[in-house]
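The values are calculated or read from the model by the stated rules, or taken from the named source; none is laboratory data. Keep in mind that what you see is a predicted model, and the values were worked out from it rather than measured. Reconstructed Cβ throughout: ideal geometry from the backbone, glycine too, with neighbour counts over all protein chains shown.
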Amino acid sequence: MAGSFKTEAIVLRSIRYGEADRIVHLYSREYGRIGAIAKGSRKPKSRFGGRLEPFFHLKLVLYRGRGDLSTVTSAETLDGYGALRASAAGIRAAGDACGAVLKLLDGVEPNPPAYNLLVRYLGLIDSDPEGPAASLAGMLTFRLKLALAAGFAPELSSCARCGQSGHLTGFSGAAGGVVCPTCEANSFPFSEGAHTFMVEALGRPMAEAPEADPAALRQAGRAISEILEHHANVRLNRAEEVQAA
């Protein structure tokens, strides 16, 4: 329905449009993904200032007309995450998180757990941009929790094919999780360290994300990527490459 509406949202992506406008991709608390145009936002004296850049947490008033894009009519900053923006590591981690949300959650249905997770993660990065939240382990923990919020969490307690609970030495994205030696066709080796990392990452609060050795993190990253590729048809950039950039 056409008309004005209010919401809180994170700016996932911001694109210059025309001579003075900006198109923003938002993830909102009440309305899921929103595409919107902010008219005149790139003019020197725009009332929006610089707050329509990625990672801003905003309180918005928008107008929904007949087109695909809503129109931003008002934007109030709830958090600009200034410390995050001053850190290359913080920008990389925040960009990876917003990119994952942009690709995985493309519907208009609200997903409060995913929205709260994103807000919480950006806050953790901002509190310590060079710290654990912005590390590879922190980035993978966010991706795994986001997969859970989107309904694509991997099976980690028993073989995803036969249900056996022991000797889970492989991971199969096609099967949906860990697999035993009998069912290991088309799987890749999956260490106990990678398994433990993923179990703890799902079970702990975001602020208590676990650590693991580099080999285990590479396996966990591959597992998360394969789950999303096979079951959500989403391909994310490799987290270790993003973190090292």
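At a glance:
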{"item": "Residue within segment 117-133 that is among the acidic types (Asp, Glu), surrounded by fewer than 21 Cβ atoms within 10 Å (Cβ to Cβ), modelled with pLDDT of 95 or more and over 17 Å from residue 203 (Cα atoms) present", "result": "yes"}
{"item": "Qualifying positions in segment 168-210 - aliphatic (A, V, I, L, M), more than 23 Å from residue 136 (Cα to Cα) and exposed (fewer than 15 other Cβ atoms within 10 Å of the Cβ)", "result": "185"}
{"item": "Segment 168-178, residues that are part of a strand (DSSP E or B) and out of contact with any Leu (no Cβ under 7 Å at 6 or more places or on another chain)", "result": "170, 171, 172"}
{"item": "Matching residues in segment 35-86 - criterion: being among the polar types (S, T, N, Q) and not in a strand (DSSP E or B)", "result": "41, 46"}
{"item": "Residue within segment 41-58 that is free of Cβ contacts under 8 Å to residues at least 24 places away in the same chain and on the phi > 0 side of the Ramachandran plot present", "result": "yes"}
{"item": "Among (1) of a type in the set (D, E, K, R); (2) closer than 19 Å to residue 123 by Cβ; (3) in a strand (DSSP E or B) - the single one residue 92 does not satisfy", "result": "(3)"}
{"item": "Qualifying residues in segment 38-66 (those that are touching a strand residue (DSSP E or B) at 6+ places or on another chain (Cβ under 6 Å) and of a type in the set (Phe, Trp, Tyr)) - the one surrounded by the most Cβ atoms within 10 Å (Cβ to Cβ)", "result": "56"}
{"item": "Any hit, segment 178-196, residues being within 20 Å of the chain's Cα centre (by Cα) and not acidic (Asp, Glu)", "result": "no"}
{"item": "Residue 220 being in contact with a helix residue (DSSP H, G or I) (Cβ under 6 Å, 6 or more places away or on another chain), under 23 Å from residue 95 (Cβ atoms) and small (Gly, Ala, Ser)", "result": "yes"}
{"item": "Any pair with Cβ under 7 angstrom, 6 or more apart, that starts in segment 214-238 at a residue that is not assigned by TED's automatic domain parsing to the domain that holds residue 173 and ends at one that is hydrophobic (A, V, I, L, M, F, W, C)", "result": "none"}
{"item": "Filter result for the condition that a residue is surrounded by 15 or more Cβ atoms within 10 Å (Cβ to Cβ) and part of a loop (DSSP other than H, G, I, E, B), over 165, 158", "result": "158"}
{"item": "Some residue of segment 141-149 being among the polar types (S, T, N, Q) and under 20 Å from residue 100 (Cα atoms)", "result": "yes"}
{"item": "Segment 22-37, subset among the small types (Gly, Ala, Ser) and under 15 Å from residue 68 (Cβ atoms), residue surrounded by the most Cβ atoms within 10 Å (Cβ to Cβ)", "result": "36"}
{"item": "Of the criteria (1) aliphatic (A, V, I, L, M); (2) without any contact (Cβ under 8 Å) to a residue 60 or more places away in the chain; (3) in the same structural domain as residue 213 (by TED's automatic domain parsing), which one residue 139 fails", "result": "(2)"}
